[in-house]
Amino acid sequence: MNTGFGSWLLGMSLGAGAVGGMLGMAGSIFIVLAATTFGSALLYSISGFGFAVLAVPLFLLFLDPERAIQLVIIISTVLSIIVLRGLLPAIAPRLLLRLALGSLVGLPLGLIAFRYTDPILVRAAAGAMIFGFAILMAVSRRRSGQPGQGKHWTVFAMNPGFDLAAGAVSGFAGALVGQPGPPVLIYLLLAGAAARTVRATLLAFFALSYGVTLASHAATIGVPAPTWLAAGILIPFAFLGGLAGRPIGDRLGAEAFAMLAIALLGVAGAYTLGAAAVAFATA
């Protein structure tokens, strides 16, 4: 199904009356959107990252890119707040503050790029970078675990300057492609931060970042009523997924968390790069 028809169908359905309209739309579309939202929220609550990795590709099958990204931003804002409960003691406040300040610097640049930059080139560059970092971290971690190597896979120690830079890149990526997670996750993994701290800080940062990004989209680009209504209908599925995944994430060990995070980065990078290649080929 092409994005134009999917967007029209969703808009027409919601225009007929929010819940009734959504339930009255093609059953397969509603099932896919609801299941994607639930599954993405489950993964997000376990790892602190990954909602956009699963949600964006399938949302793009039924919505135009702008609406798909805005829908992900709205749901992610609410989901971050839901999942964050219970992890507040694990947040690193100063780290969170520096990441948030940095994102405020990168956000306006991302909004400008969202409006004027060639999206195919941006996706290709972002996908290649994320995928490259995922491979680098996987190789580094494997080597550090070999007997007799005596190496640690931590690349550098965190400092305020790096914190601000990672936040700026994240703010830029969040406004441009709706994925502020990879830059911060890559930074924290390379710095060897504790798994629980990574997860809690990511979720808190996303709650702030997505909230500011959503407000910026609403103020500068505009968020149509059908997008708000669709988000309101899908948020309960995100809520259920978040509640189901939180206990799993609490039991996840450091090794399992790191491998899951690297795998998610690999999938995110590969998808973004592949989507750009397909768009370029069909342009």
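The values are calculated or read from the model by the stated rules, or taken from the named source; none is laboratory data. As the structure is a computational prediction, the values presented were derived from the model and not from experiment. No Cβ is skipped: glycine too gets one built from the backbone with ideal geometry, and neighbour counts run over all protein chains shown. Accessible surface is based on the protein model in full, side chains and every heavy atom, while ligands, DNA and RNA are left aside. Shrake-Rupley method; radii C 1.70, N 1.55, O 1.52, S 1.80 Å.
Brief remarks on what is shown
- Summed over the stretch 81-100, residues that are part of a helix (DSSP H, G or I), more than 18 Å from the chain's Cα centre (by Cα) and either basic (Lys, Arg) or within 18 Å of GLN179 (Cα to Cα) (or both) total 2.
- In the stretch 213-231, the residue that is farthest from GLU66 (Cα to Cα) out of those that are hydrophobic (A, V, I, L, M, F, W, C) and crowded, with 18+ Cβ neighbours inside 10 Å is LEU229.
- Check on SER103, within 13 Å of the chain's Cα centre (by Cα), hydroxyl-bearing (Ser, Thr, Tyr), at pLDDT 75 or above and within 30 Å of ALA165 (Cα to Cα): no
- ALA256 vs. criteria among the aliphatic types (A, V, I, L, M), within 29 Å of ALA134 (Cβ to Cβ), open to solvent by 10 Å² or more (accessible area, probe 1.4 Å) and without any contact (Cβ under 8 Å) to a residue 40 or more places away in the chain: yes
- Condition broken by ILE75, with the remaining ones in (1) open to solvent by less than 70 Å² (accessible area, probe 1.4 Å); (2) within 30 Å of ALA256 (Cβ to Cβ); (3) at pLDDT below 75 satisfied: (3)
- Subset of the stretch 231-253 [β-branched (Val, Ile, Thr) and under 25 Å from ALA134 (Cα atoms)]: ILE248
- Selection status of ASP64, acidic (Asp, Glu), over 21 Å from PHE205 (Cα atoms) and open to solvent by 60 Å² or more (accessible area, probe 1.4 Å): no
- Residue count for the stretch 134-146, restricted to those that are modelled with pLDDT of 75 or more and surrounded by 16 or more Cβ atoms within 10 Å (Cβ to Cβ): 2.
- Pairs, first within 18 Å of LEU243 (Cα to Cα) and assigned to a loop (DSSP other than H, G, I, E, B) in the stretch 54-80, second modelled with pLDDT of 75 or more and β-branched (Val, Ile, Thr), C-beta under 8 Å, six or more apart: none
- Scan of the stretch 173-206 for residues that are part of a loop (DSSP other than H, G, I, E, B) and polar (S, T, N, Q), ordered by number: GLN179
- Checked against the criterion of being touching a residue at least 40 places away in the same chain (Cβ under 8 Å), within 22 Å of PRO108 (Cβ to Cβ) and assigned to a helix (DSSP H, G or I), the stretch 232-240 has no qualifying residue.
- Boolean, ALA270 is over 22 Å from GLY132 (Cα atoms) and open to solvent by 30 Å² or more (accessible area, probe 1.4 Å): no
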